[in-house]
Amino acid sequence: MRDWGRLPGDAIEDLRRLEWEHAGRLRERLLGTRPFPIPCLLKPPTGNQALEDLDHFHRYIAAWRKWPWPHQVTWVTKRFRQLGQFEVPVRLEIESTQALIAALGDEAVERSRGWAERMEPLLSLDKALFTTLINRLEELDRLSMTDIHLLASVLPQLQRGMGRRGYMRALPLQKVDTKFVELNRSLITVLLDAIHGQEVSIHGGLEAWLECRVTPTNWLHVKPLCPEVKGRLAGLDLVRLCFEQLTTYSLPASNVLVIENLQAGYGLPELPDTIAVFGGGANTAWLQAEWLKDRRVGYWGDIDTWGLKFLADARLRQPHVEAVMMDLKTLLLHVERGVDEDRLAGLPAYGLTPAERSLFDELRFCRHGVGRLEQERLSQDYVEQGLAEWIQASAAV
């Protein structure tokens, strides 16, 4: 590779890579926090280098003489032994954002026009949005002009307290759908912050500022496992409750069975005075609910490092949680149905019994030839027997 005599194409490629495609640096140039000019060294040759490749030497000089903006190129007079005196280009300086865009060509020109077109409806609302829009160029690029006009329409409509304790999807907006607000929540929040002096963030986010109810998240399935409990749950066979409801609503059963996976919850047998909460996976945060302190809580998950970690997490919230069918006996009886575990969890510092910590190590090092036994792979008769024994142990206490 030749290390001298850089041509215009080489300089343009560097500008594209180091300035235009570098998001952080581009934002700084557009905002004026990174000063111009941008220097590009053109690496003029030594006398020996020029002699070794005269064709490139002359091509290098000729190419820069054709550069469309001559004032950007610095030339110096150099005397080369055996070649004589030449004016050679040594430095290119790009003096502004406009000059950078022009040098990069049609693609950059088109992209900059797109920015201007997208920003204009928003800047007409408030010139103070410029800095925020520059900092969100990637999001701006992804929005269609239809979305831009929706954004310009919705920003003036959104006012503090207008949610009136309803959900965000029920906002009384004109000519804008509320799903658009939900899908573009992050961008809308920062733009409103720019308009209202960071008021939205100070209040804890868009929903809090609008005084909307928090949209329910972290849904789990709840299933009564006997007719009596079903009757206390308005006769429903299966309901879905969100995190917030589970932490405040006391489920009507003495025994609460927590199941890691969704499908395993559908296969549960009838159990007296028992209700199941299933499908939460890693979501054990709802177990912090105060009403669980005086309930018997069982936890049944996969026999793998993650399942044992989730068990430990559950115990950090309710120390009296009992493991159900998460032991070495269950693993060995079904070991031929086990598989490798692709990604291991770290051993929890707290929350596992000595036997469970030992099982964790045996799984981690595949001492029985497998690292994972999914709870769905247990024989149904074994599941029914294991759950019956758990209930009987409760009755014996």
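State all residues of region 170-206 that are in a helix (DSSP H, G or I) and more than 26 Å from R118 (Cβ to Cβ); if no residue qualifies, say none.
Of everything in region 170-206, those that are in a helix (DSSP H, G or I) and more than 26 Å from R118 (Cβ to Cβ) turn out to be A170, I202.
Among the listed residues T274, T247, identify the single one that is in the same structural domain as H320 (by TED's automatic domain parsing), surrounded by 14 or more Cβ atoms within 10 Å (Cβ to Cβ) and at pLDDT 95 or above.
T274
What residue, of A289, A276, is without any contact (Cβ under 8 Å) to a residue 60 or more places away in the chain, farther than 18 Å from E376 by Cβ and not acidic (D, E)?
Testing whether each residue is without any contact (Cβ under 8 Å) to a residue 60 or more places away in the chain, farther than 18 Å from E376 by Cβ and not acidic (D, E) leaves just A289.
Sort out which residues of region 61-112 are among the polar types (S, T, N, Q), surrounded by 11 or more Cβ atoms within 10 Å (Cβ to Cβ) and in contact with a helix residue (DSSP H, G or I) (Cβ under 8 Å, 6 or more places away or on another chain), and write them in order of number.
Q72, T97, S112, listed by residue number.
Just give me the residues in region 284-294 being surrounded by 17 or more Cβ atoms within 10 Å (Cβ to Cβ) and not aliphatic (A, V, I, L, M), in sequence order.
Passing the criteria: T284, W286.
Which residues, counting only those in region 197-239, are closer than 26 Å to H320 by Cβ and in contact with a strand residue (DSSP E or B) (Cβ under 6 Å, 6 or more places away or on another chain)?
W219, L220, H221, V222, K223, P224, L225, V229, K230, L233, V239
Working only within region 364-385, note down all residues that are out of contact with any Pro (no Cβ under 8 Å at 6 or more places or on another chain), outside any loop (DSSP other than H, G, I, E, B) and under 22 Å from A264 (Cβ atoms).
Selection gives R372, L373, Q375, E376, R377, Q380, D381, Y382, Q385.
Please work out which residue is surrounded by the fewest Cβ atoms within 10 Å (Cβ to Cβ), limiting yourself to region 329-351 and to residues that are more than 19 Å from L257 (Cβ to Cβ), touching a strand residue (DSSP E or B) at 6+ places or on another chain (Cβ under 9 Å) and not small (G, A, S).
Result: D342.
Going by the structure shown, is G231 at pLDDT 95 or above, at negative phi and not in a loop (DSSP other than H, G, I, E, B)?
Yes: the conditions hold for G231.
Criterion first (within 32 Å of the chain's Cα centre (by Cα), touching a residue at least 12 places away in the same chain (Cβ under 8 Å) and either within 12 Å of I94 (Cα to Cα) or outside the structural domain of F130 (by TED's automatic domain parsing) (or both)) does E19 satisfy it?
Yes.
Tell me, please, whether a residue that is loosely packed, with under 12 Cβ neighbours inside 10 Å and not assigned by TED's automatic domain parsing to the domain that holds Y266 can be found in region 220-227.
No, every residue in region 220-227 fails to be loosely packed, with under 12 Cβ neighbours inside 10 Å and not assigned by TED's automatic domain parsing to the domain that holds Y266.
Among the numbered criteria (1) modelled with pLDDT under 95; (2) aliphatic (A, V, I, L, M); (3) under 30 Å from the mean Cα position of the chain (by Cα), which one does L123 miss?
Going through (1) modelled with pLDDT under 95; (2) aliphatic (A, V, I, L, M); (3) under 30 Å from the mean Cα position of the chain (by Cα) one by one, L123 breaks only (1).
Can you tell me which of D342, D313, D361 is outside any helix (DSSP H, G or I), charged (D, E, K, R) and in the same structural domain as K293 (by TED's automatic domain parsing)?
After applying the criteria, what remains is D342.
The values are calculated or read from the model by the stated rules, or taken from the named source; none is laboratory data. In this text, all values refer to a predicted model and were calculated from it rather than measured experimentally. Here the Cβ is made from the backbone with ideal geometry for all residues, glycine too, and neighbour counts use every protein chain on show.
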